[in-house]
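The values are calculated or read from the model by the stated rules, or taken from the named source; none is laboratory data. Because the structure is predicted, anything quoted here is derived from the model rather than measured. Methodologically, a virtual Cβ is constructed for each residue, glycine included, from the backbone with ideal geometry; neighbour enumeration extends over all protein chains shown. Ligands, DNA and RNA are stripped out before the accessible areas are found, and what is left, the full protein with its side chains, is counted by its heavy atoms. Shrake-Rupley method; radii C 1.70, N 1.55, O 1.52, S 1.80 Å.
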Amino acid sequence: MPRLVMKFGGTSVANPDRIRRAAKRVGVEVAKGYEVIVIVSAMSGKTNELVGWVEDVSPLYDAREYDAIVSSGENVTAGLMALTLQQMDVPARSWQGWQVPLMTTDAHGSARIEEIPTANLDAKFAEGMKVAVVAGFQGISHEGRITTLGRGGSDTTAVAFAAAFDAERCDIYTDVDGVYTTDPRIEDKARKLDRIAYEEMLELASLGAKVLQTRSVELAMRFGVKLRVLSSFEEMDDNAGTLVCAEEDIVESNVVAGVAFVRDEAKMTLISVADRPGIAAAIFGPLSEAGVNVDMIVQNISEEGRTDMTFSCPVNEVPRAEHAMAEAKASGSINYHDLVADTDVAKVSVVGIGMRSHAGVAAKMFAALQAEGVNIKVITTSEIKISVLIDRKYMELAVQALHDAFDLDKAA
Ligand code: ASP
Ligand code: MG
């Protein structure tokens, strides 16, 4: 029988009524002849509450106990979903991660999936079970301890099951009806995309469009899992939502697929560092050890053997970055005249696989920003993305201007 994975996020299982609504959708797919693996998140807000309790009891918590506690929200929704399906006469049972067993590394709090043996679920499907409801976000390490996959990890659970069980598709039910060209709260002309390429989704996911856990998109790309993002609150329809798929499966697309942004960035410049071999390593080594997530890096031209080095990072990591640089300076491994932090910047990016074959995207982007009087502070580019740092107060304006300039309100 063909298989389908259906994942329901926190808002889709927030209470028994919502669980019944989700279960009805599962019932429709079962009636079509699918064997379904349902992956559930915890009820919305639950995981945050559990994390809060952990931090209240033990600020420097044992990560193994953290996982034992924060994974529990999914146990509740998995059981409730299985019960609800049984009420509808759909043969279903729940599985916690360890029962599958979903094997992971022992990196508690952000474990990686290593293996999903299919034998246990397959045996039950063979006996007539129609739906396996699996608690998302959790697994078990080789030491036999409960692990979790990082916040938003149920998406990754879902994709991993779709790959392991060779599912026809992995449907991710959430509270938005798909992936948009940009955040509709900022640009009301934002348009839902029917299809988006894995690569584009990866850039959008890591650039701040929080629809899917980045890791889940990486996994989908690697195993060619067709991912569909759709709302559990809208009418069911075979073409609903956004399909995240391979480039080859997209016939027509705009050069730019979307505009992403990160509001709370900081730009830091080390003024006058020695321009010598090893200087970048001496700067970025300590920053990475301090846990600073450096994004853009720009080294200026040098004059008389000295240069300025600029990088960006999340604004809340500025104190850590300053501390790491001061320590490196004190130890003599680097020397700089001054460290200047600009904490009022935002990053805006345009993303699209079409950039590979179209020239002029950068020029168009810069012209659109110029027309609005927005000054660009840093620019970086990759094959399918151009990002700029600008003053935070212009972020919305820039997103709207770029959405307009690239005609994103119109389909290709
Ligand atoms: N419940 C977990 C979280 O809130 C996992 C998930 O929902 O994907 O992060
Ligand atoms: Mg999520």
Problem set entry | For the stretch 259-406, the fraction of alpha-carbon pairs in successive 10 Å shells from zero, as % | 11, 38, 30, 18, 3, 0
Problem set entry | Solvent exposure ordering (accessible area, 1.4 Å, most first) of Tyr173, Tyr66 | Tyr66, Tyr173
Seminar exercise, completed: Beyond 29 Å (Cα-Cα) in this structure, taken from Lys46/Lys267; Lys210/Lys377; Lys124/Lys210, we find Lys46/Lys267; Lys124/Lys210
Exercise. Listed here are the pairs Lys329/Lys393; Lys364/Lys385; Lys189/Lys226; Lys7/Lys130; which of them are more than 22 Å apart at the Cα?
Worked result: Lys329/Lys393; Lys189/Lys226
For this session: Could you point to the residue in Val70, Ala119, Val40 farthest towards the positive end of the stretch 3-174's charge dipole, with +1 and -1 charges on the Cβ of Lys/Arg and Asp/Glu respectively?
Result: Val40
For this session: With a probe of 1.4 Å, find how much accessible area the chain has per residue, and write the answer as a whole number in Å².
Result: 45 Å²
Exercise. Relative to the longest principal Cα axis of the chain, at what angle does helix 361-371 sit, 0 to 90 degrees, rounded to 10?
Worked result: 70 degrees
Problem set entry | Over the chain, relative contact order from alpha-carbon pairs under 8 Å, at least 6 apart, % | 14 percent
For this session: Pick out, from Thr381, Ala367, Val399, the residue whose Cα sits farthest towards the positive end of the charge dipole of the stretch 349-412, with +1 on the Cβ of Lys and Arg and -1 on the Cβ of Asp and Glu.
Result: Thr381
Seminar exercise, completed: If every Lys and Arg gets +1 and every Asp and Glu gets -1 at its Cβ, then about the Cα centre the stretch 78-194 yields a dipole, in debye to the nearest 20, of 200 debye
Exercise. Got a number for carbon plus sulfur as a percent of the chain's accessible area, 1.4 Å probe?
Worked result: 49 percent
Problem set entry | Net dipole in debye of the chain [+1 Lys, Arg Cβ; -1 Asp, Glu Cβ; about Cα centre; nearest 20] | 620 debye
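Quick one: Kirkwood hydrodynamic radius for the chain, alpha-carbon pairs, angstrom, one decimal?
Details: mean 1/r = 0.0431 Å⁻¹.
The answer is 23.2 Å.
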Problem set entry | Rounded FRET efficiency, nearest 0.05, which uses the C-beta distance separating Glu327 from Glu248 and R0 of 30 Å | 0.05
Problem set entry | Mean-position separation - Cα centroids, the stretch 1-32 and the stretch 124-178, in angstrom | 13 Å
For this session: Beta carbons within 10 angstrom, averaged per residue: use that to sort the peptides 126-132, 335-341, 155-161, highest first.
Result: 155-161, 126-132, 335-341
For this session: Of the DSSP beta bridges with both residues in the chain, give the percent that are antiparallel, rounding to the nearest 5.
Result: 60 percent
